[in-house]
Amino acid sequence: MRFFLSIVSLLCLFAAPAAFAAPQPDLQLSPDCTLCGMDRAKFNFSRMVIEYEDGSSIGVCSLHCAAVELANTIDKVPVMVRVADYDSKELIDAYKAVWVIGGNTKGVMTVQAKWAFADKGAAERFVKANGGKIATFDEAIKAAYDDMYQDTKRIREYRKMKHMKHHGGEAKH
């Protein structure tokens, strides 16, 4: 019995910090990507928040969805674009971040990954371990726009296959 209580006490001790960890405020306000519906907490390492001059903001899962949002809201002026630091998951200024484009790590909503880092050393270590190239925000978002057609086509094909799988093989047009 003492052994059992010791084990339970240890489990409670290790589980307590996770139970009290508060989710990040942007994840509470926008738990799902406004554009694609993906769970932003699951993709907390690539999520972004765009804040506009009119006081509105939007939370998205990735640079891909941020690029779509910025293209679709051409008349709104963004005053802050924040992105998750790949390592810490904390939101940082996307323009000040050190970006990595490409490499062998699977991207979010894109074939060519685009990751943000708060610190150049972390980005360089990532490139050394996973490939890719160091870039600025402007280069990363340009790459997102350049990749948009192929990424969107791939996403549509994936969703069509998923729909067919769940609906007995019939395709709807």
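The values are calculated or read from the model by the stated rules, or taken from the named source; none is laboratory data. On a predicted model such as this, the values are computed, not experimentally measured, just so you know. Every residue, glycine as well, gets a Cβ built from its backbone with ideal geometry; the counts of neighbours run over all protein chains shown.
For the stretch 94-108, give me each residue that is touching a Phe, Trp or Tyr at 6+ places or on another chain (Cβ under 9 Å) and not aromatic (Phe, Trp, Tyr). Let's see the steps before the verdict.
First pass over the stretch 94-108, keeping only residues touching a Phe, Trp or Tyr at 6+ places or on another chain (Cβ under 9 Å): 94-101, 103, 105, 107-108.
Answer for the stretch 94-108, where residues must be touching a Phe, Trp or Tyr at 6+ places or on another chain (Cβ under 9 Å) and not aromatic (Phe, Trp, Tyr): Ala94, Lys96, Ala97, Val98, Val100, Ile101, Gly103, Thr105, Gly107, Val108.
When you look at Ala171, is it of a type outside the set (Lys, Arg), part of a loop (DSSP other than H, G, I, E, B) and either modelled with pLDDT of 95 or more or more than 14 Å from the chain's Cα centre (by Cα) (or both), yes or no?
Details: of a type outside the set (Lys, Arg): yes; part of a loop (DSSP other than H, G, I, E, B): yes; either modelled with pLDDT of 95 or more or more than 14 Å from the chain's Cα centre (by Cα) (or both): yes.
When the stated conditions are applied, Ala171 passes them.
Of the strands (runs of 3 or more DSSP E) lying entirely inside the stretch 85-159, not one carries at least 3 residues that are farther than 19 Å from Arg47 by Cα. Before we move on, is Ile50 buried (at least 16 other Cβ atoms within 10 Å of the Cβ), within 26 Å of Ala143 (Cα to Cα) and modelled with pLDDT of 95 or more? Yes.
Comparison of Lys128, Lys96 shows that the only residue that is modelled with pLDDT of 95 or more and farther than 16 Å from Leu63 by Cα is Lys128.
A single entry from Glu124, Glu157 fulfils the requirement of being out of contact with any helix residue (DSSP H, G or I) (no Cβ under 8 Å at 6 or more places or on another chain) and over 26 Å from Val68 (Cα atoms): Glu124.
Could you check how many residues of the stretch 71-82 are closer than 26 Å to Ala123 by Cα, among the aliphatic types (A, V, I, L, M) and without any contact (Cβ under 8 Å) to a residue 40 or more places away in the chain?
If we filter the stretch 71-82 for residues that are closer than 26 Å to Ala123 by Cα, which is where we start, we get 78-82.
Subset that is among the aliphatic types (A, V, I, L, M): 79-81.
Retained after the next criterion (residues that are without any contact (Cβ under 8 Å) to a residue 40 or more places away in the chain): 79-80.
Residues flagged as closer than 26 Å to Ala123 by Cα, among the aliphatic types (A, V, I, L, M) and without any contact (Cβ under 8 Å) to a residue 40 or more places away in the chain within the stretch 71-82 amount to 2.
Is it true that Arg40 is over 22 Å from Glu139 (Cβ atoms) and in contact with a strand residue (DSSP E or B) (Cβ under 7 Å, 6 or more places away or on another chain)? It is true that Arg40 is over 22 Å from Glu139 (Cβ atoms) and in contact with a strand residue (DSSP E or B) (Cβ under 7 Å, 6 or more places away or on another chain).
Scanning the stretch 69-84 for residues that are among the charged types (D, E, K, R) and assigned to a loop (DSSP other than H, G, I, E, B) yields Asp75, Lys76. In the stretch 17-33, the qualifying residues are those that are at pLDDT below 95, part of a loop (DSSP other than H, G, I, E, B) and not hydrophobic (A, V, I, L, M, F, W, C), and the one that is surrounded by the fewest Cβ atoms within 10 Å (Cβ to Cβ) is Pro23.
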